[in-house]
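Inspection log for the structure reproduced underneath, given as structure tokens.
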Amino acid sequence: MENSKKFRSWLDEMKLSHPLVIAGPCSAETESQVLQIAHDLKDTDVNYYRAGIWKPRTRPGNFEGVGAIGLKWLQRVKEETGLKTATEVANRAHVELALEYDVDLLWIGARSTVSPFIVQEIADALEGTDKIILVKNPVNPDLSLWIGAVERLHNANIEKLGVIHRGFSSYKKTKYRNLPEWQIAIDLQSKYPDLPIINDPSHISGRRDLIFDVSQTALDLNFDGLMIETHCDPDKAWSDAEQQVTPARLQEIFKDLKVRKRGSDQADFHNSLDQLRAQIDVLDASILDTLGERMTVAKSIGQLKKDLNVAVLQSNRWNEILGRMILEGEQRNLSEEFILKLFKSIHQESIRHQEKIMNP
Ligand code: PEP
Ligand code: MN
């Protein structure tokens, strides 16, 4: 799939007046839960009603989905509310059942995208379908794996393709459940500008109070839509309870989000400027995260020095860091003067943290 590859612009064909919205519970739990949420979402901006029928759980023993019976409930959703439906498929049997029950949009989950065998099995089962197929990013931050999955589906003559950015696992504890690593999504967008990209702030955040900000960043970065987990009683949800919002909260979120113009207006100066500024904001936040982490490590060094009664300032080590950073900076087109100023200031802050540990 060479860079110039054109994808069918199924999203433009829908002529929506706002970004695509996929909403609904993490999991279908009971028929009445599925129908109640769907009725609450019926007269809103929601385009596709999502509900997980088969749930990939990291650890066994958690709720693993209601299975095929849930597809009947999704059918009722379509009949009663007119909402189109969406669910996750993870093998050939899921695909066959989802197609039999006429689910309109199928997505491949993050834990499946990591496996070329699974993706190929799904692609073979979907060969030539006219359903919309979205590929979530793999759990690990690997752009090729994500692209590879899209290629397998494309090779299976599936025209209506898109991707979902749901963040990446990390061993590090951060405020996110899955790190957004926006740059990976931006790289995919620049490589395939015609491939619709949807953001999933629920799985990135893992907690409902971050959903708005993540959604706004996604819209600032020109994402084509949002997938937001929505439940009538979020705290009692059988899976992902902390990250689901009520239908009422979902509407508030959409009222407050600043939606950027799509389509031909993308060339517009302000739009491009906003997009670039959003990229800068993402990069600045990651610089601060890294600096914060660096200071935490510096404090541990301070503790170690305190325990052994060693001086805070170790000039050999400091000169070695500076020399290395000047060389590395050069390779990145950063001037020696800038590197000196930057690292002197970082070093001072480190020493301040270490001194606080030594002389509390
Ligand atoms: C989901 O959408 O409920 C889900 C399991 O997502 P992911 O594959 O992103 O973890
Ligand atoms: Mn979920």
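Worth a mention:
- Within segment 336-360, the residues that satisfy the criterion of being acidic (Asp, Glu) and free of Cβ contacts under 8 Å to residues at least 12 places away in the same chain are GLU336, GLU337.
- Condition check for ALA311: surrounded by fewer than 11 Cβ atoms within 10 Å (Cβ to Cβ) and farther than 30 Å from LEU16 by Cα: yes
- Going through (1) farther than 26 Å from ASP224 by Cα; (2) in contact (Cβ under 8 Å) with a residue 40 or more places away in the chain; (3) β-branched (Val, Ile, Thr) one by one, THR44 falls short only on (1).
- Scanning segment 89-145 for residues that are touching a strand residue (DSSP E or B) at 6+ places or on another chain (Cβ under 7 Å) and of a type in the set (Ser, Thr, Tyr) yields a total of 1.
- Those residues of segment 38-80 which are open to solvent by 50 Å² or more (accessible area, probe 1.4 Å), outside any helix (DSSP H, G or I) and closer than 21 Å to LEU20 by Cβ, in sequence order: LYS42, ASP43, ASP45
- Selection status of PHE269, open to solvent by less than 80 Å² (accessible area, probe 1.4 Å) and either among the polar types (S, T, N, Q) or more than 16 Å from ligand 2 (Cβ to nearest atom) (or both): no
- Residue count for segment 187-215, restricted to those that are buried (at least 20 other Cβ atoms within 10 Å of the Cβ), out of contact with any Pro (no Cβ under 8 Å at 6 or more places or on another chain) and under 24 Å from LYS255 (Cβ atoms): 9
- The residue list ALA23, ALA38, ALA90 contains one member that is touching a Ser or Thr at 6+ places or on another chain (Cβ under 8 Å) and more than 16 Å from ligand 1 (Cβ to nearest atom), which is ALA38.
- Filtered residues of segment 36-95 (kept if charged (D, E, K, R) and closer than 27 Å to ASP124 by Cβ): ARG50, LYS55, ARG57, GLU64, LYS72, LYS78, LYS84, GLU88, ARG92
- Scanning segment 233-242 for any residue that is away from ligand 2 (no atom under 16 Å from the Cβ), surrounded by 17 or more Cβ atoms within 10 Å (Cβ to Cβ), touching a residue at least 24 places away in the same chain (Cβ under 8 Å) and over 17 Å from the mean Cα position of the chain (by Cα) turns up nothing.
- Residue satisfying all of: in segment 243-263; more than 16 Å from ligand 2 (Cβ to nearest atom) and among the β-branched types (Val, Ile, Thr); modelled with the lowest pLDDT among these: VAL259
- Hits in segment 154-166 (condition: in contact (Cβ under 8 Å) with a residue 40 or more places away in the chain and closer than 25 Å to PRO201 by Cα): LYS160, LEU161, GLY162, ILE164, HIS165, ARG166
The values are calculated or read from the model by the stated rules, or taken from the named source; none is laboratory data. What you see is a predicted model, and the numbers here were worked out from it, not measured in a lab. A quick note on method: Cβ atoms are made from the backbone with ideal geometry, for glycine too, and the neighbour counts reach across all protein chains shown. Remember, those area values only see protein heavy atoms, side chains included, never the ligands or the DNA or RNA. Shrake-Rupley method; radii C 1.70, N 1.55, O 1.52, S 1.80 Å.
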